[in-house]
Each structure stands twice: as structure tokens, then as C-alpha cells.
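The values are calculated or read from the model by the stated rules, or taken from the named source; none is laboratory data. In this text, all values refer to a predicted model and were calculated from it rather than measured experimentally. Here Cβ is always computed from backbone atoms with ideal geometry, including for glycine, and neighbour counts include all displayed protein chains. Please note that ligands, DNA and RNA were not included when accessible areas were found on the heavy atoms of the full protein model with its side chains. Shrake-Rupley method; radii C 1.70, N 1.55, O 1.52, S 1.80 Å.
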Amino acid sequence: MGSVIDPENIIAFPPPGTAAPFRNICAVTQDIPLQLLYSAYMQGIFPWFDETEGEPVLWYSPEPRFCLRMEKLHVPRSIERFLRRSPFTYTMDCCFGRVMEACRDMRRRGQHGSWIGDKMLRAYSEFHEAGYAHSVEAWHNGELAGGFYGVLIGSVFCGESMFTKESGSSKSAFVLFARVFASCGGKLIDSQVYTENIARYGAENISRDAFLRLEGDYLHKALEKNLPEAFFALAGSYAAGKP
């Protein structure tokens, strides 16, 4: 049986800067209870901390906020060309735990270790079991080549982390997902803080207040179609170089 969340029980967080000496932090805890995690996303807040350094769980609400409004989605021509000859097969929610572990293990320039520790793995695995956290995978010859995971509530998708083992894998998976998400009535992809990778698709920094207003509208707006079904339908047309 999957974990249970009560959507009516929203645990209120204090405003950023009041519970810690940093302006983007709302609260500090020792653990990540499932109901608290859901409540955080309903208020534009997410956990981000370095467990390997012994940090407690830090709950963030950044200023500014980096997000992609779906009407501004832009797909570079290079990725369009790549998709027409993609060697990958794309899936959704086929191996959530493996995707998180691959994101944890990926080495990034200028970064030592990973913020995805055991607490995060356990918490988001529970979130996945409860139906809110999702993964997207790119496969090549039966091996996991890239992918990402995030949280879907209403018509908002909050991207958490991405990994790439083979060139083009995660970015092509992201483009397919973004297109399907938009076609299903998705309104907003939250990328939390600026990354050059997501900026190329039309994401931009907006104020915290502007983000919370958008999210407040979209978190309660259900998608118009079944997202996994729509993803498999579109991804199948691109798999392994299909036109």
C-alpha cells in the first residue's frame, strides 16, 4: 500500500527569513515527514540541504524564483534535429529510485558530493508511492542513459534533479516531457534556481511573490489529460529514431 497524504491538512510554514538567519529559508527540521513535504510544495517551499555535511533539513523559498511558463516554452533547433534521430527510448515512472540514485551519483563541475542523501531518497520515494513524485527515463540498448525526477501537483511540475550518462539523453527527455505536459494542460515548470540548461527552453527568473501567485492558481488546477499515458504515446513516436 502506498503512503497516504491528506490534501486538506496543510502544515503552515513561517515566511522566509523568520526561522533562520538566511532570507530564503523558511524552516529547519531534522526529518522530512511526508505530510510536511506535501505541505511545503503547496506553499512554494522545498527541502535543500547537504546531508553529508551533517546539515539539518533546510526548507527553501528562493528570491527570485526560476520557472518556465508553458506558453513560453522554446525548443532549440538542435534538439529538434536530435529528436528526429534519437537513439533513445523514453519512459515515465519506470524506475524512480534508480533515477534518484543516478542524480545523486552524477558528478557536476564545481560540486563536491551531492545534496541527495538518504533522507531525500526515502522522502521522495514515499512521495512517489503517494503519486506525487515522478521520474522520466531515457534508455539506450536496455541501459539507463539519462533522466530526471520531480513533483507534480495540479498543473505545476517542480523539477528536482537531472542526470546524463549519454549525450542528449536528459535534454531530449525533458523536451518530450515539457511538450506533453503543456498538451495536458500543464501551466508551470518550477526549476527553483537558475540553471543555464533550463534557461535555453524559455525559463526565467521572476519574483517570489509573482511565483507564489502563479502557483496559487495552478496547484489547484488539475491536468486535462492523463500525463503518463500522453507521455508514452508521444515518446513512442520518437523512440529509437522513429520519425
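Within region 176-210, the only residue that satisfies the criterion of being touching a Pro at 6+ places or on another chain (Cβ under 6 Å) and of a type in the set (Gly, Ala, Ser) is Ser207.
For Leu176, the conditions (1) buried (at least 18 other Cβ atoms within 10 Å of the Cβ); (2) outside any helix (DSSP H, G or I) all hold with the exception of (2). When each of His128, His134 is tested for being open to solvent by 50 Å² or more (accessible area, probe 1.4 Å), at pLDDT 95 or above and not hydroxyl-bearing (Ser, Thr, Tyr), the lone residue that passes is His128. Can you find a residue that is modelled with pLDDT under 95, in contact with a Gly (Cβ under 9 Å, 6 or more places away or on another chain) and under 25 Å from Ala203 (Cα atoms) anywhere in region 2-23? Yes, because at least one residue in region 2-23 is modelled with pLDDT under 95, in contact with a Gly (Cβ under 9 Å, 6 or more places away or on another chain) and under 25 Å from Ala203 (Cα atoms).
For Ser167, indicate whether it is under 16 Å from Ser78 (Cβ atoms) and either at pLDDT below 95 or assigned to a loop (DSSP other than H, G, I, E, B) (or both). It is true that Ser167 is under 16 Å from Ser78 (Cβ atoms) and either at pLDDT below 95 or assigned to a loop (DSSP other than H, G, I, E, B) (or both).
All conditions in (1) surrounded by fewer than 22 Cβ atoms within 10 Å (Cβ to Cβ); (2) free of Cβ contacts under 8 Å to residues at least 40 places away in the same chain hold for Val151, with the sole exception of (2). Pairing each residue of region 169-186 that is closer than 13 Å to Thr89 by Cα with any residue that is among the acidic types (Asp, Glu) and outside any helix (DSSP H, G or I), provided the two are 6+ apart or on different chains, yields C-beta distances under 8 Å for Ala173/Glu137.
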